[in-house]
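Data block below; observations after.
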Amino acid sequence: MQDEDTVGRDRQDALYAEASSAHGGVIRRLARGYEADPEKQRDLLQEMHLQVWASFRSFDGRCSLRTWVYRIAHNVGASHVVKSQRTAARLVDLETLEAEPPRAHSEAQAHARITAGVLLDLIHRLKPLDRQVILLHLEGETAVEIAEITGLSAANVGTKIHRIKKLLKQRYFEGGGHDRT
């Protein structure tokens, strides 16, 4: 007969295996969304996986496995950003970013702006809560689901998504001079 710790560890391992299989790609994209540096991304991804695994000791099933994984991964990502603030470029709120003039870009940078990396650069500059909301939205989560994960109201989430999308679109086109077609 197995002792209680072994049964608990087996359950934890099984939940992690299921979560990692179903949501590993999401966790990887979230790590990329929270950290621009590839080496630090790998560390953050490893920390996210470790914390997701560790969290299953207390998982009681009151929310879906998906919601649980998102919460844990986003909390780890937000904590990473807060810890990095001391040495990283300053993070700004939406109002400050809206007030800043667009950055000039070289031709090589303008070509690179075509990729998702440009939007990630802008997203990386957002404060953790705004970043969390837009990353969840980009993962296809609804405002209600994002509200459940973040603790915000669904209406507040909807407003944030609208403002962030508008700002990202504006900055993307202003900074690179792209056609809007």
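The values are calculated or read from the model by the stated rules, or taken from the named source; none is laboratory data. Since this is a predicted model, take the numbers as computed values, not measurements. Note: ideal-geometry Cβ built from the backbone for every residue, glycine included; neighbour counts use all protein chains shown.
Couple of notes before you dig in:
- Taking the listed residues 73, 78, the one that is at pLDDT below 90, surrounded by 12 or more Cβ atoms within 10 Å (Cβ to Cβ) and not in a loop (DSSP other than H, G, I, E, B) is 78, with no other qualifying.
Results for (1) over 22 Å from residue 145 (Cβ atoms); (2) within 17 Å of the chain's Cα centre (by Cα); (3) at pLDDT below 90, shown as yes or no for each residue.
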site	(1), (2), (3)
24	no, yes, no
32	no, yes, no
65	no, no, no
84	yes, yes, yes
94	no, yes, yes
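- Scan of segment 14-23 for residues that are surrounded by 11 or more Cβ atoms within 10 Å (Cβ to Cβ) and without any contact (Cβ under 8 Å) to a residue 40 or more places away in the chain, ordered by number: 14, 17, 20
- Residue match in segment 149-161 (condition: surrounded by fewer than 19 Cβ atoms within 10 Å (Cβ to Cβ), outside any helix (DSSP H, G or I) and modelled with pLDDT under 90): yes
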